[in-house]
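Trainee: Sharing a structure with you now.
The values are calculated or read from the model by the stated rules, or taken from the named source; none is laboratory data. The shown structure was predicted, so the numbers you read here are calculated from the model rather than taken from an experiment. As a convention, Cβ positions derive from the backbone with ideal geometry for all residues, glycine included, and neighbour counts pool all protein chains shown. Heavy atoms of the whole protein, side chains included, go into the accessibility calculation; ligands, DNA and RNA do not. Shrake-Rupley method; radii C 1.70, N 1.55, O 1.52, S 1.80 Å.
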Amino acid sequence: MSPPTPSHVRRLVAVLTAGALLVLAPARPAPAAPPGPDRSTDVSVVDPDWVPDPVAEGVPHLPSRDAGKVKQQQRRERASRSAALAGYARDGHLPKPLPLAAQPTNSGPAPLVDRGLHDAQGVRMFSFAGRTWDHPVAQAQWGLSNLAAYRLNGDQLFLDRAIANAQRNVDRRVESRGAWFYPYDFDLSRCAGRPLLRAPWYSGMAQGEMLSLFVGLAEITGEAKWRTAADNTFLSLTLSASASAPWGSWVDPNGYLWLEEYPVSAGTTGERVLNGHIFALYGVYDYWRLTADERAVAVFDGAASTVRRYLPTHFRVTRWASNYSMGCAQPHVKYHQVHTAQNLKLYEMTWSPTFATYAYLLRSDYPAPAVSGAVLFSAGTHVGYTFSSTGAVRSQKTLKLTRASGAQANQRIRVYGRGIYYQITNGALAGYLVPETYGQRILLGKAVEHRYEPTRVLSFQPGTYTGYAYDAAGNVTGSKRITFSAASIAPLGATAWVNGQLSYQVTAGAYLGYWLPHTTGLAFT
């Protein structure tokens with residue numbers, strides 16, 4: 001079956017918009033909702049609606065030992081020259097300045113009304129076993145969320161809440177080996193085979209996110225105490241692992257630096273959690289912005305080099321969601337999207353093309369599913385399916401169309417062991433998944449876009465290429481056809497699936513403003 005031409009797409013989109021030709025729809029279809037926001041590149045550190053995920057964050061337990069007594073023992077650990085991390089691999093990923101709006105920890109502004117669990121001081125709390133507990137990551141994220149809101153509107157309430165969450169952790173800190181650490185006072189069990197984390201335990205992710213909060217407060221308030229808190233918190237990420245003192249960073253047997261979300265003091269190893277490692281790296285980046293400290297450059301480079309080394313071999317799962325960690329090597333759909341967005345952000349922070357490529361591969365493996373819009377069906381036979389969690393067909397339904405038609409979809413999702421499918425929400429195939437196939441079934445408009453700052457390079461081999469301009473609904477508003485007699489290049493500003501085709505957006509030159517569908521002869525670096 002031949003694919004629709006741009007003129008066909010224009011006519012069909014116009015017809016669909018007018019409400020005719022909806023062969024798949026009920027006789028009186030409900031008005032279609034506008035496409036939802038494309039969240040495929042969200043990289044927010046902060047989540048105002050945070051709740052623990054027992055699969056990823058683990059299962060809490062009441063403390064199995066006297067946490068206060070252990071903290072006293074840990075405080076007696078003194079600073080020493082031997083405390084510093086040993087040498088670790090560095091590829092040369094140097095931090096680059098980002099505008100405020102692009103900084104990863106300035107995102108997810110808090111709502112005015114805090115509907116999450118909090119105490120009388122506005123500090124985020126965590127509940128289990130009939131008690132409320134301090135949770136350093138949740139408090140750091142809520143503090144950062146309030147700072148983001150304060151930057152937008154200047155309302156003192158948000159700054160006060162950010163300060164309250166930061167101050168709670170300053171007050172609860174354990175000082176050890178000259179650094180500040182933020183304890184968890186409940187036990188935590190991880191996946192099968194991982195040891196129980198016994199209170200008090202510490203997290204490199206908490207250290208890094210708290211570091212970002214202190215940096216933000218130092219910048220906004222100018223108060224020296226927040227700079228002091230940042231200095232002492234950053235120091236914690238430069239210390240070696242210890243069997244008797246708090247720690248959050250270690251160098252693995254291959255010589256790579258981990259900012260460890262779940263450290264195991266017995267044996268001084270860790271689970272090697274990808275998202276927590278990168279969120280902690282964001283804190284190091286913020287500290288570098290504040291201080292230009294060469295130690296921060298070294299830790300940033302080492303942590304980024306670890307991502308470069310391990311993501312393709314230990315986290316990526318081809319054509320499926322990536323693994324949560326190396327110690328709990330289980331695919332996790334939610335955190336796959338976090339990994340994708342984090343690698344795209346690492347590209348912005350380092351200008352290292354490897355991370356943009358990693359984001360591209362992760363997006364191809366398991367794209368962000370929350371993509372909605374109109375699906376165009378060509379004339380012919382179409383089959384909708386339902387699947388089991390293992391990708392087995394549970395049921396199917398066949399529909400024959402004598403002319404092109406359309407329906408609405410609310411997901412674009414990979415089925416396990418199979419390709420990309422659209423979840424149809426109305427008409428004869430409502431409730432079924434139909435496979436994405438260019439020329440037969442395509443989602444109109446732009447989906448799962450990745451933007452590149454700085455731009456990448458799109459190369460052209462000799463040949464003829466056609467670029468298209470689109471409006472938001474997927475209408476083709478213009479085209480440009482150019483023949484290259486020799487190899488050429490152009491700046492690449494974004495990639496996305498546009499009208500069902502992987503496409504490249506050129507940001508300068510003859511194709512400025514046009515999207516070029518992927519074809520032989522096009523490649524990007």
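Trainee: Aspartates and glutamates near Lys397 by alpha-carbon distance under 18 Å, same-chain residues fewer than 8 away left out - which ones?
Mentor: Partners within reach: Glu436.
Trainee: For Thr268 and His518 in the same chain, what is the full-extension length gain: residue separation times 0.36 nm, less their Cα-Cα distance, in nm?
Mentor: The Thr268-His518 span can extend by a further 85.3 nm.
Trainee: If you don't mind, another one. List the lysines whose Cα lies under 27 Å from the Cα of Lys225, skipping any in the same chain that are fewer than 8 positions away.
Mentor: Reachable lysines: Lys71, Lys96.
Trainee: Another one. In whole Å, what is the distance between the alpha-carbon centres of region 307-354 and region 372-422?
Mentor: 28
Trainee: Per residue, what accessible area does region 322-407 have, given a 1.4 Å probe and all protein chains present, in Å²?
Mentor: Per-residue value: 35 Å².
Trainee: With a sphere of radius 13 Å drawn around the Cβ of Glu77, what net charge do the other residues whose Cβ falls strictly inside it have (Lys, Arg +1; Asp, Glu -1)?
Mentor: +4
Trainee: If you place +1 on the Cβ of every Lys and Arg and -1 on the Cβ of every Asp and Glu, how big does the dipole about the Cα centre of region 426-500 come out, in debye to the nearest 20?
Mentor: Rounded to the nearest 20 debye, it is 140 debye.
Trainee: Go ahead and collect, in residue order, the members of region 281-297 whose backbone nitrogen is under 12 Å from a label point 7 Å along the Cα-Cβ direction of Leu94.
Mentor: Those under the cut-off are 297.
Trainee: Is there a quick way to get the dipole size of region 103-221? I mean about its Cα centre, with the Cβ of Lys and Arg at +1 and of Asp and Glu at -1; what is the value in debye to the nearest 20?
Mentor: 360
Trainee: Could you compute the net charge surrounding Gly513? Neighbours are other residues with a C-beta less than 13 Å from the C-beta of Gly513; K and R count +1, D and E count -1.
Mentor: 0
Trainee: Please get the size of the charge dipole for the chain, origin at its Cα centre, with Cβ charges of +1 on Lys and Arg and -1 on Asp and Glu, quoted in debye to the nearest 20.
Mentor: My answer is approximately 1320 debye.
Trainee: Here's something else I'd like to know. Just the number, please: carbon plus sulfur as a percent of the accessible area of the chain, 1.4 Å probe, no ligands or DNA/RNA counted.
Mentor: That share works out to 53 percent.
Trainee: Next up: Which shape class applies to region 74-150: rounded if a/c is under 1.5, otherwise prolate when a/b exceeds b/c and oblate if not, where a ≥ b ≥ c are the square roots of the Cα gyration tensor eigenvalues?
Mentor: Taking the square roots of the gyration eigenvalues as a ≥ b ≥ c, region 74-150 is oblate.
Trainee: Based on alpha-carbon positions alone, could you give the equivalent ellipsoid semi-axes of the chain from the gyration tensor, as √(5λ), descending, whole Å?
Mentor: Listed largest to smallest, the semi-axes of the chain are 46, 26, 22 Å.
Trainee: Here's something else I'd like to know. Where does the charge balance sit around Met205 when Lys and Arg score +1, Asp and Glu -1, over other residues with C-beta under 10 Å from its C-beta?
Mentor: -3
Trainee: Here is a follow-up. What lysines sit close enough to Lys480 to cross-link, taking a C-alpha to C-alpha distance under 21 Å and skipping anything fewer than 8 places away on the same chain?
Mentor: Lys446
Trainee: Follow-up. Rounded to whole Å and sorted largest first, list the principal axis extents of the Cα atoms in region 278-318.
Mentor: 40, 15, 9
Trainee: Which one, Gly267, His332, Tyr287, projects farthest toward the positive side of the charge dipole computed for region 244-374 from Cβ point charges (K/R +1, D/E -1)?
Mentor: Looking along the dipole axis, the top candidate is His332.
Trainee: With loop defined by DSSP as not H, G, I, E or B, and exposure as at most 10 other Cβ atoms within 10 Å, which is the longest segment of the chain clear of exposed trypsin sites (Lys or Arg not before Pro)?
Mentor: 116-525
Trainee: A follow-up question, please. To the nearest 10 degrees, how steep is helix 136-153 against the longest Cα principal axis of the chain, on a 0 to 90 scale?
Mentor: Approximately 60 degrees, to the nearest 10.
Trainee: Next question. Could you compute how much accessible surface Thr455 exposes when probed at 1.4 Å, giving the result in Å² to the nearest 10?
Mentor: 70
Trainee: Taking all protein chains together and a probe of 1.4 Å, list His450, His61 from the most accessible to the least accessible.
Mentor: Listed by decreasing accessible area, they come as His61, His450.
Trainee: Which FRET efficiency value, to the nearest 0.05, do you get for Thr357 and Ser80 by plugging their Cβ-Cβ distance into 1/(1 + (r/R0)^6) with R0 = 45 Å?
Mentor: 0.60
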